[in-house]
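Note sheet for the following structure.
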Amino acid sequence: MISYLHLKDKETGGDLALESNPSDHPRASTIFLSKSQTDVREKRKSNHINHVSPGQLTKKYSSCSTIFIDDSTVSQPNLRSTIKCVTLAIFYHIKNRDSDRSLDIFDEKSHPLTREEVPDDYYKHDPDHKHIYRFVRTLFSAAQLTAECAIVTLVYLERLLTYAEIDICPSNWKRIVLGAILLASKVWDDQAVWNVDYCQILKDITVEDMNEMERHFLELLQFNINVPASVYAKYYFDLRSLADDNNLSFLLEPLSKERAQKLEAISRLCEDKYKDLSKAAMRRSFSADNLVGIRRSNAILS
């Protein structure tokens, strides 16, 4: 279930809010999908001009005898595939950033995550997708975080970039991602990972540094940690679109008899729940209609 916990509502209005805060509004386009489109269009154009063959077709298609489905749904995403998609979204954020605006609290030179010396040109080299994936996968594996937490992490990351008006770049991406994961795990998971536990994972970072980064992250979000279900769903489906655009397909398997029966049971359960809600709504409507026949008495002013 999506968490509706929030400490403070951020008041925004009109079309500007829809355009600039996709992490708050379900109708606003996600930033990562917009940033990826330039590369996707160039890749398709290059393949068309150079007559590049797509090669051996690996995508499976359903037929009359066999139906292929993946094991990822909006309520139960596949962990491995979701982390791959989220880290790919972060990769496009870094690669196609507008500038290098940052804050000292996220700078890895000022607040290193390891004891290894940070190179002087650390801010010049963009990390590749594999590097980002390994970093995030290590944290999620060690802390036993869920796929839903990965999606909420991306929501908080884009919210931070929008609210604080900064960019995620080579000098700050690790600390921004770590801060988003830290916050998402506490909001989402019932058994939250403590800051000291992350220090056991990363070894060289201190609890004081983690606490300070978390405090700054919350302040920059204006304490808005609310993630509506509609926003969560938008990010999930945009991540699936990102996967399709980059040939990052989800694992498809033939629909078995047991899986079909399970899906049918879930569908029947949702249908019964919908009928109960409809009946309750009809009862409320009938009670409202009965108010029409009530005779109103004149008020007596004394």
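The values are calculated or read from the model by the stated rules, or taken from the named source; none is laboratory data. Worth saying up front: this structure is predicted, and the values here are computed from it rather than measured. Glycine gets a Cβ as well: all are built from the backbone with ideal geometry, and neighbour counts include every protein chain shown. Note: areas computed on protein heavy atoms with side chains; ligands, DNA, RNA excluded. Shrake-Rupley method; radii C 1.70, N 1.55, O 1.52, S 1.80 Å.
If only residues of region 122-163 that are of a type in the set (Phe, Trp, Tyr) and out of contact with any Cys (no Cβ under 9 Å at 6 or more places or on another chain) are counted, the one that is surrounded by the most Cβ atoms within 10 Å (Cβ to Cβ) is TYR156. Against the conditions (1) closer than 24 Å to ARG27 by Cβ; (2) at pLDDT 95 or above, ARG215 satisfies every one except (1).
Scanning region 198-218 for residues that are open to solvent by less than 50 Å² (accessible area, probe 1.4 Å) and not in a helix (DSSP H, G or I) yields one hit, ILE205.
The number of residues in region 169-190 that are closer than 22 Å to GLU208 by Cβ and outside any helix (DSSP H, G or I) comes to 2. For beta carbons closer than 8 Å, sequence separation of 6+ or different chains, a first residue in region 89-118 that is touching a residue at least 40 places away in the same chain (Cβ under 8 Å) and of a type in the set (Val, Ile, Thr) and a second that is part of a loop (DSSP other than H, G, I, E, B) and open to solvent by 40 Å² or more (accessible area, probe 1.4 Å), the qualifying pairs are ILE94/ASP126; THR114/LYS203; THR114/ASP204. Every listed requirement among (1) open to solvent by less than 20 Å² (accessible area, probe 1.4 Å); (2) of a type in the set (A, V, I, L, M, F, W, C); (3) assigned to a helix (DSSP H, G or I); (4) under 27 Å from SER241 (Cα atoms) is met by ILE166 save one, (3).
Going by what's in this entry, would LEU221 be described as open to solvent by less than 60 Å² (accessible area, probe 1.4 Å) and in contact (Cβ under 8 Å) with a residue 60 or more places away in the chain? Before the answer, list the steps.
Details: open to solvent by less than 60 Å² (accessible area, probe 1.4 Å): yes; in contact (Cβ under 8 Å) with a residue 60 or more places away in the chain: yes.
Judged against the criteria, LEU221 is a match.
Taking each residue of region 123-146 that is without any contact (Cβ under 8 Å) to a residue 40 or more places away in the chain and looking for partners that are assigned to a loop (DSSP other than H, G, I, E, B) with beta-carbon atoms closer than 7 Å, six or more apart or interchain, yields nothing.
Working only within region 219-235, note down all residues that are part of a helix (DSSP H, G or I) and under 15 Å from LEU182 (Cα atoms).
To start, the set of residues in region 219-235 that are part of a helix (DSSP H, G or I) comprises 219-220, 229-235.
Once the filter is applied, which keeps residues that are part of a helix (DSSP H, G or I) and under 15 Å from LEU182 (Cα atoms), region 219-235 yields GLU219, LEU220.
Would you check if there is a residue in region 80-92 being of a type outside the set (Ser, Thr, Tyr), surrounded by 19 or more Cβ atoms within 10 Å (Cβ to Cβ), touching a helix residue (DSSP H, G or I) at 6+ places or on another chain (Cβ under 8 Å) and assigned to a loop (DSSP other than H, G, I, E, B)? No, every residue in region 80-92 fails to be of a type outside the set (Ser, Thr, Tyr), surrounded by 19 or more Cβ atoms within 10 Å (Cβ to Cβ), touching a helix residue (DSSP H, G or I) at 6+ places or on another chain (Cβ under 8 Å) and assigned to a loop (DSSP other than H, G, I, E, B). In the condition set (1) modelled with pLDDT of 95 or more; (2) aliphatic (A, V, I, L, M); (3) within 20 Å of TYR235 (Cα to Cα), VAL187 is compliant with all but (1).
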